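We did not get these values from a lab; they are worked out from the coordinates using the rules stated. Because the structure is a prediction, the values reported are computed rather than measured. Backbone-built Cβ (ideal geometry, glycine too); neighbour counts: all protein chains shown.
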Amino acid sequence: MARMLSKELPDIESILALNPRVQTHAALLSTATKKMEKKHWKRNTEKGCESCVKLENNFDDIKHTTLSERGALREAVRCLKCADAPCQKSCPTNLNIKAFITSIANKNYYGAARTILSDNPLGLTCGMVCPTSDLCVGGCNLYASEEGPINIGGLQQFATEVFKQMGVPQIRNPDLPPSDQIPESYHSKIALIGCGPASISCASFLARLGYGDITIFEKQRFIGGLSSSEIPQFRLPYDVVQFEVDLMKDLGVKVYLKLTDTRSLMASLQNRVFTHRRTFSLSSRKPVNQGCVGVTQRCQSSVAL
């Protein structure tokens, strides 16, 4: 069989015209001209330039893990979706990490935030300040790759921040029976001392279970405990703590601030058949009145921290 030849030969001249032309002589421009061109096209700022943004009293988020939507999508598609995910095994809250990362990759930011907050009511706080390099990120199977492990904390922060901007309130589980049909023990009074991360998490889970009379007593004039008093604003803004407390309040939890007389409060709680769980201070190892206060022996195990 004769060899087939193309009837239309390629235009060699047109193909060669696509090659870059090498100049036969150097371009002569003065130093002053190049300095003017450099100044005209320069995008970064000069060192010591007075036009730089002043950082005094500036508490904007400057963490290297913070992601934009473009960065979050690029990071989410890298996830291997491991069957026996080591990142989830390393998470203290046992968060379903690959599930919310898959939701982010599909641009389902609401679904990602729902997965996060269902397992951890402090999802946004943990996304910002959790030491992920020692926990979930430290167990990522991509740690030895050139791109490095997945930025799980940044993805968690991105999804919950988008949900925060949505303004969606937390509602009572519709699968639960109506409040007038649940057992009497669910109407017991429950008090939590200190509006810190432990109390916010405990109250949120109890309210989701159907307990309807939950109160948090805080001696300070602000909420959040150590999250507000010890962590600087550029690492954890106060509005993040307020957002998580508002989600808790959506379920009917009450919060009282500026509580100064703790002894009389504890006496009144005990007179109303409350039981008190004492915890220990990390510095002095002495028992302090901080932690969880239950009501009856029946629900004592449910409210233990």
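Neighbour counts of other C-beta atoms within 10 Å: give me Y143, Y109 arranged from fewest to most.
Y143, Y109
Just flag the trypsin sites (Lys or Arg not before Pro) in the stretch 85-168 sitting in loop per DSSP whose Cβ has no more than 16 other Cβ atoms within 10 Å.
Loop-located and lightly packed - K107.
Using Cβ contacts closer than 10 Å as the measure, can you line up S90, S179 from fewest to most?
S179, S90
Would you calculate the separation in nanometres between label points at K81 and S133, each defined as 7 Å from the Cα along the Cα-to-beta-carbon direction?
If labels sit at K81 and S133, their model points lie 3.1 nm apart.
If one computes the Cα centroid of the stretch 101-163 and of the stretch 225-244, what distance in Å separates the two points?
Result: 19 Å between the Cα centres.
Considering the zone a paramagnetic label at S145 would reach in this model (a point 7 Å from Cα along the Cα-to-Cβ line), which residues of the stretch 85-125 have amide N under 19 Å from it?
85-90, 97-107
Can you give the FRET efficiency to the nearest 0.05 for L28 and I62, using r as the Cβ-Cβ distance and R₀ = 41 Å?
Values: r = 45 Å, r/R0 = 1.10.
Plugging the Cβ-Cβ distance into 1/(1 + (r/R0)^6) gives 0.35.
Quick one: I193, I231, I15, fewest Cβ neighbours within 10 Å first, how do they rank?
I15, I231, I193
Full extension from H40 to K107: what is 0.36 nm times the residue separation minus their Cα-Cα distance, to one decimal in nm?
Contour length minus the Cα-Cα distance gives 20.2 nm.
Could you list the GluC sites (Glu not before Pro) in the stretch 188-262 that lie in coil according to DSSP, counting only those with at most 16 other Cβ atoms within 10 Å of their Cβ?
E230
Under the rule a/c < 1.5 gives rounded, and otherwise a/b versus b/c splits prolate from oblate, where does the stretch 9-134 land using the Cα gyration tensor? Kindly include the intermediate steps, with their values, before the conclusion.
On the way: a/c = 4.04, a/b = 1.65, b/c = 2.45.
The shape class here is oblate.
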